Amino acid sequence: MSSAQSTQTDSAAGGRGLWTSRTGDSGLSWRAFRRSWQAYALLSPIFILLSIFVYYPPVLGLIRAFFRWRPGVPATFVGLDNFITYFTYAETPHELVNIVKLLIFGLFAGIVMPFIMAELIFFVRSAALKELYRLLVIIPMLVPGIVTVLLWQKLYDPYLGPINDMLRAMGLEYLALNWLGEHRVAIYAIMFVGFPWVWGVGTLIYLGGLGQISESVYEAAALDGCTGMGRVLRIDIPLVLGQVRLLAILAIINAITAFQNILVLTDGGPGFSTMVPGLTMFHSAFRAQKFGYSSAIGLLLFIIAMSGTLIINRGIRPANEELRQ
Amino acid sequence: MTTELQRSPNRRPLQMSQLGLHILIAFLLLLSLVPTVIMINLSFKNGLQYRWDRWNVSLPLRGSNYLSAWDVIDAYMFNTVLVAVVGLLGVLILSLIGGYVFARMRFPLREPLYYAIIALLMVPWVLSFIPAYMLYNNLGLLNTRWALIIPNIAGGPIFGIFLMRAFITGIPEELYESARCDGAGAWSLIWSITFPLSLPGLATLSVLNFVAEWNSFLWPLVTISDMSKQVISVGLFRLSRTTNDSVDFGSGGPLFAGYVLASIPLVILFVVLGKFYVEGLVESGIKM
């Protein structure tokens, strides 16, 4: 990850001198280390906490994915058994199809909708209103995430929910479904939560990118008759690809690993129709006490999410940095 | 793929006047607020109004719902504030120190150490969720407030150092040089120069961190079994499960009042620090 400010870091802090200090100590000499004891002392609490609570758990998970592991019982090595169990489990293909659906939708909702909102705000001429919209766009974030999900559960309520009340009032009785209780619609109802998906953080990140496009680029484009939609397609989008890449990675990781909304709304049901691997991981650990199996699913999800991240990193190449301020 | 999707919804408003633009923005903002408006409306209803007149504003407004809700959720609110504030203090201190060290000090292995921290931003939490639970179990920390505070203090500085390093790098070097000439040590450079000048960065970090803590759900759900130590998200989740409003008429209004109350700390936070949050996100130009 980088930011406009961190690119200045290197010049301010003496270039990319990875190993050498400015005083001219050559490389990793003992004297250089000793002279820098203060820096290491200041960093030591951070690294002590990181090693125990941040570095160690994923390493442990990586290892214990190949073990039978329960609280209070010594772990036993079982090789690839956990992975074989998961891949031969009858519901697994279904779960994978579900995360593909969630992924496609997540990319749309996480990348496209905030971009549209950001462009709309960016095109506003009045500076005061622009500032106001920037603030208003974060209002949905003032409601805790769990409350939003619980509210949507109420909206979907087949008997007491406003969605079905509205459909009945419009004479569309037959469309008033049990949204979260029907096999075929439940997964789409879960996706629809948060409509119209104008995510404040994403919008602000895009606005940051758009704001950094140099005025001279826009002037030159306007002289060539490149305005409005043409400008969005030929200038704005290529120049916010760095932001697109960040949001795409966040969307992929989220679609593959997140299951909180599903846990709250349907708990994988009805039947197994909204099950995802993350939820199976959760259930096998905290309901079936199969922590090794659960770690194996966690490892699989990690591999899938990392591959997605790498593909996006290779696939989306941000445009020339010189066009920025 | 994305350009195709972006094309159609965007073409029309751009050809319209500024007025059309404002209408479209307002429309999208209003749509996003529908659930919030419904929540506030329902929070003022008594049992009968909730049963028979759910979607209109119905008078009299029943403010006492908020008192009934507060009686149930006050402990959850207090727990969450306690855990979030203690954690946040730790995160701010460690991020300030870490950001200063990586931005301003020169020492061997500086860049590798920095990237060893930043790389953690890319490790999705799924890989650590299960083993972290077992770690806290083995350390005897389950069902204690430490199980909620430690993950934040240990993990929060990862993004915090990234943010604060970028911020502290922007402070003019001359300020540090003159202080060094006066014989200031690392502590006083951090405390009397870096800290006051990086307050906007710390404000941005505080908002991000507090919002994340206030929203945390899955981790407290599995690590805290004693409801007297539980946080607000899990508390509300449990309440929504125990009050079945098709049976119990009176429960609807207070439950929604509880939802509104749970949002108030975030509202206060954004009223006080929201400006820094917006500017921090927009002006840092975050990208990959």
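In the set A:G292, A:G298, A:G308, only one residue is over 23 Å from A:V185 (Cα atoms), open to solvent by 10 Å² or more (accessible area, probe 1.4 Å) and not β-branched (V, I, T); that residue is A:G308.
Residue-wise test of (1) at pLDDT 95 or above; (2) in contact with a helix residue (DSSP H, G or I) (Cβ under 9 Å, 6 or more places away or on another chain).
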| position | (1), (2) |
| --- | --- |
| A:L49 | yes, yes |
| A:V54 | no, yes |
| A:A65 | no, yes |
| A:P74 | no, no |
| A:G79 | no, no |
| A:L96 | no, yes |
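Please verify whether B:P151 is touching a residue at least 12 places away in the same chain (Cβ under 8 Å) and either within 15 Å of B:S206 (Cβ to Cβ) or polar (S, T, N, Q) (or both), treating the condition exactly as stated. Spelling it out, it is not the case that B:P151 is touching a residue at least 12 places away in the same chain (Cβ under 8 Å) and either within 15 Å of B:S206 (Cβ to Cβ) or polar (S, T, N, Q) (or both).
Taking the condition of being open to solvent by 60 Å² or more (accessible area, probe 1.4 Å) and touching a residue at least 60 places away in the same chain (Cβ under 8 Å), how many residues in the stretch B:168-182 meet it?
Residues in the stretch B:168-182 being open to solvent by 60 Å² or more (accessible area, probe 1.4 Å) and touching a residue at least 60 places away in the same chain (Cβ under 8 Å): 0 in total.
Starting from residues that are within 10 Å of chain B (Cβ to nearest Cβ) and in a strand (DSSP E or B), keep the ones in the stretch A:49-79 and report whichever is most open to solvent (accessible area, probe 1.4 Å). Only one residue fits best here, namely A:R70. Outside any helix (DSSP H, G or I), facing chain B (nearest Cβ under 10 Å), closer than 24 Å to A:T274 by Cβ and among the aliphatic types (A, V, I, L, M): is that true of A:L160 in this structure? Taking the combined requirement at face value, the residue satisfies it.
Among residues of the stretch A:66-90 that are touching a residue at least 12 places away in the same chain (Cβ under 8 Å), those with a Cβ under 6 angstrom from a residue that is of a type outside the set (S, T, Y) and open to solvent by 90 Å² or more (accessible area, probe 1.4 Å), sequence gap 6+ or separate chain, pair up as A:F67/A:F77; A:V78/A:R68.
In this structure, A:F259 qualifies as under 18 Å from the mean Cα position of the chain (by Cα) and aromatic (F, W, Y). Pairs are defined by a Cβ separation below 7 Å, a sequence spacing of at least 6 or placement on different chains, a first member in the stretch B:63-89 that is modelled with pLDDT of 95 or more, and a second member that is of a type in the set (S, T, Y) and surrounded by 17 or more Cβ atoms within 10 Å (Cβ to Cβ); the pairs so defined are B:L88/B:S206. Of the residues contained in the stretch A:134-157, one or more are found to be within 24 Å of A:V240 (Cβ to Cβ) and open to solvent by less than 20 Å² (accessible area, probe 1.4 Å). Note on the stretch A:266-275: among residues that are over 12 Å from A:I190 (Cα atoms) and in contact with a helix residue (DSSP H, G or I) (Cβ under 7 Å, 6 or more places away or on another chain), the one that is least open to solvent (accessible area, probe 1.4 Å) is A:P270.
Open to solvent by 10 Å² or more (accessible area, probe 1.4 Å), facing chain B (nearest Cβ under 8 Å), more than 30 Å from A:I235 (Cβ to Cβ) and in contact with a helix residue (DSSP H, G or I) (Cβ under 8 Å, 6 or more places away or on another chain): is that true of A:L102 in this structure?
Details: open to solvent by 10 Å² or more (accessible area, probe 1.4 Å): yes; facing chain B (nearest Cβ under 8 Å): no; more than 30 Å from A:I235 (Cβ to Cβ): yes; in contact with a helix residue (DSSP H, G or I) (Cβ under 8 Å, 6 or more places away or on another chain): yes.
So A:L102 fails the test.
The criterion of at least 2 residues that are crowded, with 23+ Cβ neighbours inside 10 Å is met by the following helices (runs of 4 or more DSSP H) wholly inside the stretch A:171-260: A:186-192, A:200-211, A:241-257. Checking each residue in the stretch B:135-149 for being out of contact with any helix residue (DSSP H, G or I) (no Cβ under 6 Å at 6 or more places or on another chain) and assigned to a helix (DSSP H, G or I) picks out B:N137, B:N138, B:W146.
The values are calculated or read from the model by the stated rules, or taken from the named source; none is laboratory data. In this text, all values refer to a predicted model and were calculated from it rather than measured experimentally. Cβ coordinates were reconstructed from backbone atoms using ideal geometry, including for glycine residues, and neighbour counts include every protein chain displayed. In case anyone asks, the SASA skips ligands and DNA or RNA and just uses the protein heavy atoms, side chains included. Shrake-Rupley method; radii C 1.70, N 1.55, O 1.52, S 1.80 Å.
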